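To keep things clear, I will list the structure first and then write my remarks on it.
The values are calculated or read from the model by the stated rules, or taken from the named source; none is laboratory data. Bear in mind the structure is a predicted one, so any value in this text is a computation, not a measurement. When we count neighbours, we look across all protein chains shown, and the Cβ atoms used for this are built from the backbone with ideal geometry, even at glycine. All accessible areas refer to the heavy atoms of the entire protein, side chains included, with ligands and DNA or RNA removed. Shrake-Rupley method; radii C 1.70, N 1.55, O 1.52, S 1.80 Å.
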Amino acid sequence: MLNASISHQNGELDEHLHIEALQKTYDGRHNAVDGVSLTLRQGEFVTFLGPSGSGKTSTLAMVAGFEAPTAGEIRLRGTALTGVPPHKRNMGMVFQNYALFPHMSAVENVIFPLRMRKVTAADAAARARRVLDIVGLAQHRDRLPKQLSGGQQQRVALARALVFEPEVLLLDEPLSALDKNLREQMQLEIKRLHTEFGITSIFVTHDQSEAMTMSDRIAVFNAGRVEQFAPPMQVYAAPATHFVGSFVGESNFFGVRRLDPARGEYACDSLGRTLRAHSASDHAAGKDAYMMVRPESLRLLEQADSAEQDNVLDFQITGVVDYGASLLLSGLSGEVPVRIRVPGARARALANGSRHRIAWNAGDAHIVPRI
């Protein structure tokens, strides 16, 4: 399993929160979390991304202390958290359903964790007012949760999780109940607060756009394992596995066999031709792999375009989806499905059934192992 430890420039290990070979089984037969190892840096914003049942929420629950690991270890600043109850881990938690006390005002909800930590009433009130100021709710601090919008309730939940200055902030799909516009606003708000407070944060979501726009690094979960842990653009441009490439963004995958390492040539039997890619591959000649090409990397060729292109295919359009600024063209090259994303103005005259040539540069292709 991937070890994501990162070093400071001075060579010292920057290990704030470390998860080592973590496992969790609920039935004694199947692992919901199956050997997850990750290291988070101080102040880093990490997203656990994956479909339902992939193990991301179970991993978060073990970090929070709500679930006990079947095996493995979690360390905070080098100290093992085994047996430490949730309220002694110094971690702030923001839940999907906000979990605010309905009978308490916004400021009382924010004061509550300070009261549990025996902070004096005057100091607790001052700190609660200050953090509600930061999240933009100073004028609503005396309102009950039912008098606040969903976005405002989420800000109260954030303020409550931040007010005691936790070591780690845990966010369990906190935006899933919000509408699209409000969700996008809260993404910016959460990132602003993260920058302002500088707290190591774990954000759980199944929404790839949230992960791409908010994260320093993304841990992509699948079937209880982390298939890749990397910065967003690396996950997008150079996915480690077929699953990562298909889950994060739209992709075309062509089954290939490596032919010539020096020339970057690959045989694609389904297309009946040789394709080229620049991405490094340590696969032996003849070994099966996938060539991944994002739809926006493909282009329609004009009649006057030179035939000297890296990769050229015949293409017949079978469907067009208009997104306004761009169009997604679905079609076939022989019997192989292909999708292309092109500027809207360029393609609106194209019709289903029309035939074209398409191409992509070798540098835009990425080789993914076939496991």
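Summary table below
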quantity	calculated
2 or more residues closer than 22 Å to residue 90 by Cα and either open to solvent by less than 40 Å² (accessible area, probe 1.4 Å) or hydroxyl-bearing (Ser, Thr, Tyr) (or both): qualifying strands (runs of 3 or more DSSP E) within the range 169-249	200-205
Of all residues in the range 250-264 being in contact with a Lys or Arg (Cβ under 7 Å, 6 or more places away or on another chain) and open to solvent by less than 40 Å² (accessible area, probe 1.4 Å), the one that is nearest to residue 217 (Cα to Cα)	251
Odd one out for residue 155, checked against (1) over 23 Å from residue 178 (Cα atoms); (2) of a type outside the set (A, V, I, L, M); (3) open to solvent by less than 80 Å² (accessible area, probe 1.4 Å)	(1)
Every pair of residues 6+ apart whose Cβ atoms lie under 9 Å, when the first sits in the range 149-178 and is at positive phi while the second is β-branched (Val, Ile, Thr) and open to solvent by 10 Å² or more (accessible area, probe 1.4 Å)	165/199; 173/57
